[in-house]
Amino acid sequence: MTSRAARATRPSLREAIRDLALRFAVQIIEVARHAPLVDVVEESRPSGALDRPRRAEPSRATDTLESHIEQLCSLAEQPRSDATRYAMGAITLELKTHPGRYGRDAVTAAATAMREDAPGLYRFSYVAERWTADEVAQFLRPRDGRRLQWSHLVAVARIASRSVRRRFIRRAMREGLSIRELEREIDVAGVRRHR
């Protein structure tokens, strides 16, 4: 087989492997979904959660674990940007907040299908849970030659209190704190953080 022919078959092989992983992940979730489950009571959203919806409710036809995994895979293939991270976080948030609909291990199944790590998807979801896409864009917009990075938002998003989150965002922007400096300040302050 020539190298040109080999290159021509690689995308189809890659797609076949991804499709196989996707089907396997969906099967795992379907089995988990039909297993006896303890009643899950959805708690009210944590303080600081946004009142307005992040995206329109999808129709039931496209509101499946498989469709969300396909969306995540499509986003993962794009160059990483703050917008793609946020979109991945919003989808991950949907999966993790509805275990009755998608299964308890939906995020893990999605990460496996995408060949990503589940903790990374959860970090994206922390940001989507705390702020709208517009708010994130404002935080990440350069000001006075300083710009927050996505990692700053991940660190601050894990803080339970909305007012404390605001305080750390303002301080990081005003003082131009690096992510390490911000993490250290959060640790020194001893604020409650979600794991």
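So which residues in the range 141-189 are among the aliphatic types (A, V, I, L, M), over 15 Å from E129 (Cβ atoms) and part of a loop (DSSP other than H, G, I, E, B)?
L148, L177
Which of the residues that make up the range 126-148 are among the small types (G, A, S) and surrounded by 22 or more Cβ atoms within 10 Å (Cβ to Cβ)?
If the condition is that a residue be among the small types (G, A, S) and surrounded by 22 or more Cβ atoms within 10 Å (Cβ to Cβ), then A128 is the only one that fits.
Hey, among R141, R158, which residue is farther than 30 Å from D63 by Cβ and not assigned by TED's automatic domain parsing to the domain that holds T64?
Residue meeting the stated conditions: R141.
Residues in the range 105-121 that are closer than 14 Å to L75 by Cβ, touching a residue at least 12 places away in the same chain (Cβ under 8 Å) and either surrounded by fewer than 18 Cβ atoms within 10 Å (Cβ to Cβ) or more than 10 Å from the chain's Cα centre (by Cα) (or both): how many?
Final tally of qualifying residues: 5.
Of (1) of a type outside the set (G, A, S); (2) modelled with pLDDT under 95; (3) farther than 19 Å from V156 by Cβ; (4) in contact with a helix residue (DSSP H, G or I) (Cβ under 8 Å, 6 or more places away or on another chain), R80 satisfies all except one. Which?
Among (1) of a type outside the set (G, A, S); (2) modelled with pLDDT under 95; (3) farther than 19 Å from V156 by Cβ; (4) in contact with a helix residue (DSSP H, G or I) (Cβ under 8 Å, 6 or more places away or on another chain), the lone unmet condition for R80 is (4).
Just name the residue that is modelled with the highest pLDDT out of those in the range 95-104 that are buried (at least 22 other Cβ atoms within 10 Å of the Cβ) and assigned to a helix (DSSP H, G or I).
L95
The values are calculated or read from the model by the stated rules, or taken from the named source; none is laboratory data. These numbers were taken from a predicted model, which means no experiment stands behind them. Neighbour counts run over all protein chains shown; Cβ positions are idealised from the backbone, glycine included.
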